[in-house]
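**Q** The following block contains the structure, expressed as structure tokens.
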Amino acid sequence: MIAIAVVLLSSVWVAHFRGTGWTSAINPAYWYHRLHGDDLYNSDETVLHHGNRQVPEVALTFDDGPHTESRSAILGILADAGIHATFFDVGVNMIAHPELVNDTLRQGNEIGNHSQDHVHRLDDIAGKDRRREINDTDIVFNEITGKHLSLLRPPGMRYNADVLRTTRNLGYLVVGYTTASRDFDPDESADIIAQRTLSRTENGSIILLHDYRATASALPKILSGLKQRGFRCVTITEMIRHLPDGPRTAAVKQLDTLQN
Ligand SMILES: [Zn+2]
């Protein structure tokens, strides 16, 4: 009887809480935040951590571009699949390739702020230097597109409470990730990258990819694997609009404030 109960409980666990590590599972603070939806979107910090766990969708995010040798290939693969994604671009790369910024948006994708030079980590610099790293990227983006950036991912995902105060004051919604594809090694095979990505994906995953050649080679396999498993690919903005009521209301309010 006990064995049957354990098996049943385990299968419920696997079905509903895939990706929840055991250290989180035994931590009361984790369950408190999870009950309040703070583990999806934390409105005090304005950080998106995870999409809706009840919706079979994932967000593909591509950091560090635009790069000539990979952006066009990635855009072509996404267009063929009829998928939109979110690109966290670096200011100096946008200056070098404004046409790629325009191509990316024209295709219905969205672009977020990934700092001006990606060299300075936002928690290593402060005050004017930190604000400049963030603002300069928006100035470049605005010169190219006439629009402003509202999503931000800190380089190396390095942030602390002080960084979050700055991003909030500058009016950004910070985007984390749940699934790292570790796709930055040019010698890594497409199969390994795709396998690693798919094995760590669940409902509401935010997948961290890069605008590199290895990513472009692995992308068709990642997309067909996601499709096979019934996941729809959405942009971060769409993912926010599909969150459960509490976190959705808070995040949409923040986004609307930024985008109006
Ligand atoms: Zn980066």
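**Q** Just need a number here: residues in region 102-128 that are of a type in the set (A, V, I, L, M) and over 18 Å from the mean Cα position of the chain (by Cα).
**A** So the answer is 3.
**Q** If I ask for residues that are within 16 Å of the ligand (Cβ to nearest atom), surrounded by fewer than 18 Cβ atoms within 10 Å (Cβ to Cβ) and not aliphatic (A, V, I, L, M), which ones from region 141-174 would you list?
**A** Gly156, Arg158
**Q** Which of the helices (runs of 4 or more DSSP H) found entirely inside region 39-141 contain at least 3 residues meeting this: of a type in the set (Ser, Thr, Tyr)?
**A** Ranges flagged: 68-81.
**Q** What is the number of the single condition among (1) surrounded by fewer than 17 Cβ atoms within 10 Å (Cβ to Cβ); (2) touching a Gly at 6+ places or on another chain (Cβ under 6 Å) that Arg131 does not meet?
**A** (2)
**Q** Considering only residues of region 198-221 that are under 16 Å from the mean Cα position of the chain (by Cα) and over 17 Å from Phe88 (Cβ atoms), which is modelled with the lowest pLDDT?
**A** So the residue we want is Arg200.
**Q** Another question about this same structure. From the list Arg200, Arg229, Arg241, Arg182, pick out the single residue that is within 16 Å of the ligand (Cβ to nearest atom) and among the basic types (Lys, Arg).
**A** Of the residues listed, the single one that is within 16 Å of the ligand (Cβ to nearest atom) and among the basic types (Lys, Arg) is Arg182.
**Q** Inspect all residues belonging to region 212-221 and state whether any of them is surrounded by fewer than 22 Cβ atoms within 10 Å (Cβ to Cβ) and in contact with a Leu (Cβ under 7 Å, 6 or more places away or on another chain).
**A** No: zero hits.
**Q** Now for a different question. List pairs: first residue in region 195-220 and touching a residue at least 12 places away in the same chain (Cβ under 8 Å), second residue of a type in the set (Lys, Arg) anywhere in the structure, Cβ distance under 7 angstrom, at least six positions apart or on different chains.
**A** Correct list of pairs: Arg196/Arg182; Glu202/Arg18; Asn203/Arg53; Gly204/Arg53; Asp211/Arg71.
**Q** Could you list all residues from region 113-134 that are within 11 Å of the ligand (Cβ to nearest atom) and in contact with a strand residue (DSSP E or B) (Cβ under 6 Å, 6 or more places away or on another chain)?
**A** Of everything in region 113-134, just one residue is within 11 Å of the ligand (Cβ to nearest atom) and in contact with a strand residue (DSSP E or B) (Cβ under 6 Å, 6 or more places away or on another chain), namely His114.
**Q** Additional query: Filter region 131-174 for residues that are among the β-branched types (Val, Ile, Thr), in contact with a helix residue (DSSP H, G or I) (Cβ under 6 Å, 6 or more places away or on another chain) and under 15 Å from Thr46 (Cα atoms) and give the result.
**A** Hits for region 131-174 are Thr166, Val174.
**Q** I'd like the residue in region 93-116 that is farther than 19 Å from Cys233 by Cα and touching a residue at least 40 places away in the same chain (Cβ under 8 Å) and, out of all such residues, is surrounded by the fewest Cβ atoms within 10 Å (Cβ to Cβ).
**A** Asn102
**Q** Select from region 75-92 the residues that are within 16 Å of the ligand (Cβ to nearest atom) and of a type in the set (Gly, Ala, Ser) and list them in ascending order.
**A** Those that are within 16 Å of the ligand (Cβ to nearest atom) and of a type in the set (Gly, Ala, Ser): Ala85, Gly91.
The values are calculated or read from the model by the stated rules, or taken from the named source; none is laboratory data. Nothing here was measured: the structure is a model prediction, and the numbers come from that model. Virtual Cβ from ideal backbone geometry, glycine too; neighbours counted across all protein chains shown.
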